[in-house]
Amino acid sequence: MAELPSTVIVIDDDPAVQEAIGSLLRSVGQQAKLLASVDEFMKTGRPPGPACLVLDVRLPGRSGLDFQRDLAAANIHLPIIFVTGHGDIPMSVRAMKGGAIEFLTKPFRDQDLLDAIQLGLERDRALLEGEKQMAILRARFELLTPREREVMTHVARGRLNKQIAADIGVSEITVKVHRGQVMRKMRASSLPDLARMADRLK
């Protein structure tokens, strides 16, 4: 499956700033979505592919910093680059503590913004890839019978077939069969591989 195109979402209520950042992004072949407020973003939501947010600190209605907190509370992970014409140290500390990638004071160098965007998109790409792999893992786990899940838990803990057989009250042969099914359905290449899967699935 081809990777979805990446998008840089710019939220700034100054049309001149919006246009300047938009044309900078287009000049490097980057897709931009230009918005004037947080409400506009809430109506459209995040795009499907890798994305990052270039966010003005001072916005009409909700401020950029409040929006950062709201996104975190809603468990929406989106790399944020703050831009502001009125930055101060406490503001930048709050932004960075909240997980922002960068805090740039206007006027900033184009290259600084592009570098931060590059980092943001790479982070989001890795996050989306991790979520995709996790979904695949969960789907495979759903294919296991309750008994196979039980065996998988024991195998992942490093228990031997005869120990598992004694633990769950079946024959060693039965454990071997279940274990083989678990390895096949989970597509695990080795026991350490299966243990890592179990660890990720908790």
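All of the numbers you see were taken from the coordinates with simple rules; none came from a lab. Predicted, not measured: the structure shown is a model, and the values here were computed from it. Cβ coordinates were reconstructed from backbone atoms using ideal geometry, including for glycine residues, and neighbour counts include every protein chain displayed.
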What distance in nm separates the simple spin-label points at ALA72 and GLU129, each placed 7 Å from Cα in the Cβ direction? 2.6
Compute the signed sum of charges (Lys and Arg +1, Asp and Glu -1) over the other residues within less than 14 Å, Cβ to Cβ, of ILE164. +3
Just want the answer: with Cβ charges of +1 for Lys and Arg and -1 for Asp and Glu, which residue in LEU104, GLY22, GLN118 is farthest toward the dipole's positive end in the chain? GLN118
Calculated over the range 58-164: convex hull of Cα atoms, volume per residue (Å³): 155
Going by alpha carbons, how many degrees (0 to 90, nearest 10) lie between the helix axis of 15-27 and the longest principal axis of the chain? 60
GNM on the chain, Cα springs under 10 Å; top mean-square fluctuation among GLN133, GLN181, GLN118 goes to GLN181
How would SER37, SER171 line up from fewest to most surrounding beta-carbon atoms within 10 angstrom? SER171, SER37
A correct Karplus calculation of ³J(HN,Hα) over the range 118-130, with 6.51 cos²θ - 1.76 cosθ + 1.60, θ = phi - 60°, whole Hz and x for Gly and Pro, returns 4, 5, x, 5, 5, 5, 5, 4, 5, 5, 5, 5, x
Over the residues of the range 85-128, compute the C-alpha Rg and express it relative to 2.2 N^0.38 Å. 1.26
For the range 25-91 and the range 166-198, compute the distance between their C-alpha centroids and round to whole Å. 46
Unit charges at the beta carbon, dipole of the chain: most positive-side option, ILE76, ALA135, VAL8: ALA135
Considering the chain as a Gaussian network with a 10 Å cut-off on Cα pairs, which listed residue, ALA32, ALA95, ALA20, attains the greatest mean-square fluctuation? ALA20
To the nearest whole percent, what portion of all C-alpha pairs in the range 143-201 is separated by more than 15 angstrom? 38
Amide H to amide H, which residues 5 or more places from LEU104 or on other chains are under 5 Å from it, using H placed in the peptide plane? PHE82, VAL83, THR84
Tilt of helix 172-186 relative to the longest C-alpha principal axis of the chain, in degrees (0 to 90, nearest 10)? 20
Would you mind counting up the charge near GLY49? Only other residues with Cβ under 9 Å from its Cβ, with Lys and Arg at +1 and Asp and Glu at -1. -1
Kirkwood hydrodynamic radius of the chain, Cα pairs, Å: 19.9
Stokes-Einstein, Kirkwood over Cα pairs, the range 1-91, 10 °C, 1.306 mPa s; D in µm²/s equals 116
Computed over the chain: relative contact order in percent, which uses C-alpha pairs under 8 Å that are six or more apart: 15
